[in-house]
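Novice: One structure, as structure tokens, below. Some questions next.
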Amino acid sequence: MKFIDLEFQQKRIQDKIESNIKTVLDHGQYIMGPEIAALENTLNQYIGSKHAISCSSGTDALFLSLLAYNIVPGDAIITTPFTFIATAEVISLLGATPVFVDIDPKTFNIDPDQITKKIIEIKATRNDIMVRGIIAVDLFGLPADYDRINAIAKEHNLFVIEDAAQSFGAVYKGKKACSLGDVGCASFFPAKPLGCYGDGGMCFTDNPVLAEKIGSLRVHGKGGHKYDNIRIGSNSRLDTIQAAILLAKFEIFPEEITLRQQVASRYQKKLSNHPALITPYIPDRSMSIWAQYSILAKNEVHRKDCMSKLKNHGIPTAVYYPKPLHLQGAFEYLQYREGELPVSENIAKRIFSLPMHPYLTEEEQEDIIKVLSAC
Ligand SMILES: *Cc1c(COP(=O)(O)O)cnc(C)c1O
């Protein structure tokens, strides 16, 4: 059994993928070929945003967004500690300060009440940093609570970046993930809900000034033409070949969303009555895209036991994330202490993820559920 099965999907659309790649090999425009604009237009329409700017990874999408907001040392960005390192790493790379606030124990997403509390605390006690924005993460494919996050941001004159690396295809109150903040950042890393065969990412925004800046920043801060450089940027373009692959994969993406919902609801139905495991909570306002199906064990020992029982039956699992960012060595300089963000720390000790992909069969799920019934 596979944790995420990319092979089955590839076999389904092999001809389309090969012909799209061959088209790129034939026209030879490996950098910014016609497939780039085609993909940007297609996904922009799908998300319902005004501008889409492809780039070389989800990390770069976040980085370019912060660059476009002119983030500099002395600026602080509020974010969640319960996420992949990339979310906060980009803040530190610019010399700014990541400020971690705790998560909601049910959704595992950033807790809006904690954001407000932290903004007030920083205003009252710190004159060395100024909060400029919020990066919210749609963890495991479930959008954070943007109505509340955007209201807080508006009140305090902050921007909101949506880290939608795991949530492309998800929905919040009728709106698509990637369109929920001022700028949405998608990742096309192979294992994400919509993945290419390498690295890739995209920024979505309704703000034309931001879109122009991000478009410039991804090509060395270009102005009117390639050798007119008006700002310090980077080389952050998406490869034409990856865009061609994504165009092929996107054709079956709507169908895969339906399949993901079916797989997840089978898990939800069969596991929700488990006496010792807690299944994911999805608020009525949202549809998760189920980048991961993550459940909670009673404690660290119980988790280890469940995972090893599954492993003995050839069923792979994973832990996202075993260590919250505020306790990572990379952020030691920020001097957080253990116990400071108790919800994240508790969840990190108990969470683990089951195999999840559109092509997981009912039989495979029955096997998983059977093993888990003995946990
Ligand atoms: C994967 C991921 C990223 C980074 O995306 P890459 O394309 O791998 O650079 C950022 N944030 C979150 C939450 C992710 O899961």
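The values are calculated or read from the model by the stated rules, or taken from the named source; none is laboratory data. Predicted, not measured: the structure shown is a model, and the values here were computed from it. Reconstructed Cβ throughout: ideal geometry from the backbone, glycine too, with neighbour counts over all protein chains shown.
Each row is one residue, and each column tells you yes or no for (1) out of contact with any helix residue (DSSP H, G or I) (no Cβ under 8 Å at 6 or more places or on another chain); (2) more than 29 Å from Ser216 (Cβ to Cβ).
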{"residue": "Ala37", "(1), (2)": "yes, no"}
{"residue": "Ser49", "(1), (2)": "yes, no"}
{"residue": "Cys55", "(1), (2)": "no, no"}
{"residue": "Thr59", "(1), (2)": "no, no"}
{"residue": "Leu62", "(1), (2)": "no, no"}
{"residue": "Val72", "(1), (2)": "yes, no"}
{"residue": "Ile77", "(1), (2)": "no, no"}
{"residue": "Thr107", "(1), (2)": "no, yes"}
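Novice: Check segment 93-102 and report whether any residue there is within 16 Å of the ligand (Cβ to nearest atom) and in contact with a His (Cβ under 9 Å, 6 or more places away or on another chain).
Specialist: yes
Novice: Sticking with this one: Taking Leu139 as meeting all but one of (1) out of contact with any Phe, Trp or Tyr (no Cβ under 6 Å at 6 or more places or on another chain); (2) within 12 Å of the ligand (Cβ to nearest atom); (3) under 21 Å from Lys323 (Cβ atoms), write down the number of the exception.
Specialist: The single condition Leu139 does not satisfy is (1).
Novice: State whether the residues of segment 266-275 include one that is out of contact with any Gly (no Cβ under 8 Å at 6 or more places or on another chain), within 16 Å of the ligand (Cβ to nearest atom), at pLDDT 95 or above and outside any helix (DSSP H, G or I).
Specialist: Within segment 266-275, not a single residue is out of contact with any Gly (no Cβ under 8 Å at 6 or more places or on another chain), within 16 Å of the ligand (Cβ to nearest atom), at pLDDT 95 or above and outside any helix (DSSP H, G or I).
Novice: Taking only segment 70-87 into account, find how many residues are of a type in the set (A, V, I, L, M) and within 16 Å of the ligand (Cβ to nearest atom).
Specialist: Total satisfying the criteria: 4.
Novice: What are the pairs with Cβ atoms under 7 angstrom where one residue, in segment 163-192, is over 24 Å from Tyr321 (Cα atoms) and the other, located anywhere, is modelled with pLDDT under 95 and within 14 Å of the ligand (Cβ to nearest atom)? Sequence gap at least six, or different chains.
Specialist: Close Cβ pairs (under 7 Å, with a partner that is modelled with pLDDT under 95 and within 14 Å of the ligand (Cβ to nearest atom)) do not exist here.
Novice: Is it true that Asn70 is of a type outside the set (Phe, Trp, Tyr) and more than 30 Å from Ile120 (Cα to Cα)?
Specialist: no
Novice: Could you grab me the full set of residues in segment 222-234 that are in contact with a helix residue (DSSP H, G or I) (Cβ under 9 Å, 6 or more places away or on another chain) and assigned to a loop (DSSP other than H, G, I, E, B)?
Specialist: Gly223, Ile230, Arg231, Ile232, Gly233, Ser234
Novice: Follow-up question, since we're still on this one. For segment 198-212, does any single residue satisfy the condition of being away from the ligand (no atom under 13 Å from the Cβ), assigned to a loop (DSSP other than H, G, I, E, B), in the same structural domain as Asp113 (by TED's automatic domain parsing) and under 22 Å from Pro105 (Cβ atoms)?
Specialist: No: zero hits.
Novice: Name the pairs whose Cβ atoms lie under 8 Å apart, with the first residue in segment 265-292 and without any contact (Cβ under 8 Å) to a residue 40 or more places away in the chain, the second not hydroxyl-bearing (Ser, Thr, Tyr), and 6 or more positions between them or separate chains?
Specialist: Gln268/Pro280; Ile278/Ile295; Ile278/Leu296; Thr279/Gln268; Thr279/Leu271; Thr279/Ile295
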